[in-house]
Amino acid sequence: MALWRKTADNKTARRAGIDGRAQIAIILNMNASEDTVLQVEDLRVCFRHGQNRTEVLRGLSYRLQKGKVLAVVGESGCGKTVHALSLLKLLPPGGKITGGRILYQGKDILSLSAEELRKLRGAGLSMIFQDPMTSLNPIRTIGKQITETIEAHTSYSNLRARAQAVRLLKKVGISNARKRLEEYPFQFSGGQRQRIMIAMALCLQPNVLIADEPTTALDVTIQAQILKLIRDLQRQSGMAAVFITHNLAIVADIADEVLVLYGGYCVEQATVHALFSKPLHPYTQGLLGSLVSLNKKVEHLPAIEGYPPAPGMPEKGCPFAPRCPYAGEKCHSCLPPLIEQEQHKVRCWLVEKNEKSR
Ligand code: SF4
């Protein structure tokens, strides 16, 4: 089929007078878009409080390929969670997507009907939230919560849905799974509740998993176990994932690509290797510089001085300028564009605009 299409494409291209190199570029592009499971284009989100309007996400764009993990990193208030909630159209009251597109397998999520959205959530895109205690229903057993989700999206009988729930709980490391289906969320530890949330997120075998700081509420040892579990399950199933975190240290283990958010803007995006080996944006450099090595003795914990900008600060100048050690006059008055350089996309006037700009 692929060969047939390639041959047909070649003939069409020759008829149109397109040369060999251009044909290869077209084919590569086509394959890139075929592999793209989620595409975010110039996404803008605002919140209204009375007469005031605060723009918290300012033109976010990325592509997520099948089977890949994109980590979205940044401090509190930079727009990470708003971005995650936008992907499923789950913004809280007052929040509104004011621009851009979110394409899931080529279809614009923002134009889907309520019923199409319901089908998409869980089976197409699924989410693990920060705090399982607020996401699980405290007065329903775990078994009911998982089987109801399965039954709502499939034609499974209750018996089959329960068997699937047992399988899922075992998969995420809950022992005595059959018996524990009858228990309520408060009867599980924090780590176990997060494992149950992972089981629920995976019960419909989604193509994209969105994990919003899934380990924030857990202690460090459990965090490591949960991260390993998510990564293992993601690799086994081949699903793509968007992993939201404020912790750059965990990104290296879990992600293929990293997008750094600051003040609602993407300030840098690169593969994990490129970002860790040569961060180009001063904010990313600061984040990496503040990671503490266990092998080095330090007197003071390194940190980026100052505070992140309040959501909705005026769209003037570089958002990092008040904290940046390299800020010049231009930085305070003009917003740098996001440009591509050395396998990075970066938003900083220090980086020469010698490749394509967007
Ligand atoms: Fe710093 Fe200026 Fe670059 Fe912003 S544009 S990160 S203020 S050097």
Exercise for the section: Would you look at the GNM of the chain, springs on alpha carbons closer than 10 Å, and say which of 291, 209, 338 moves the most? Expected result: 291
Practice task
State the antiparallel share, in %, of DSSP beta bridges confined to the chain, rounding to the nearest 5.
Solution key: 65 percent
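Note the full-extension length gain between residue 75 and residue 112 as 0.36 nm times their separation in residues minus their Cα-Cα distance, in nm to one decimal.
Separation in residues times 0.36 nm, less the Cα-Cα distance, equals 10.2 nm.
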Problem - Alpha-carbon spread of region 118-202, three principal axes, descending order, Å - result: 31, 27, 24
Problem - Cα Rg, Dmax (largest Cα-Cα span) when computed across region 30-135, Å - result: 14.3, 46
Exercise for the section: Can you tell me how much longer the chain between residue 175 and residue 163 gets when fully stretched, taken as 0.36 nm per residue apart minus their C-alpha distance, in nm with one decimal? Expected result: 2.9 nm
Handout entry: Förster radius 25 Å - calculated FRET efficiency between residue 90 and residue 332 (Cβ-Cβ, nearest 0.05)
Key = 0.10
Handout entry: For the chain, built as a Gaussian network whose Cα springs stay under 10 Å, the top-fluctuating residue of 247, 52, 137
Key = 52
Handout entry: Percent of C-alpha pairs per 20 Å bin, the chain, short to long
Key = 26, 54, 20, 1
Exercise for the section: Return the inverse of the average 1/r over all pairs of distinct C-alpha atoms in region 188-229, which is the Kirkwood hydrodynamic radius, in Å to one decimal. Expected result: 10.7 Å
Handout entry: For region 245-293: rounded, prolate or oblate by the Cα gyration tensor [a/c cutoff 1.5]
Key = rounded
Handout entry: Average projection area in nm² (convex hull over Cα atoms of region 165-246, one quarter of hull surface)
Key = 5.3 nm²
Problem - region 50-109: proportion of alpha-carbon pairs further apart than 17 angstrom, % - result: 45 percent
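Bear in mind that the values in this text are calculations on the coordinates, not laboratory data. This structure is a prediction, so every number in the text was calculated from the model and none was measured. Because the Cβ atoms are built from the backbone with ideal geometry, glycine has one as well, and the counts that use them run over all protein chains shown.
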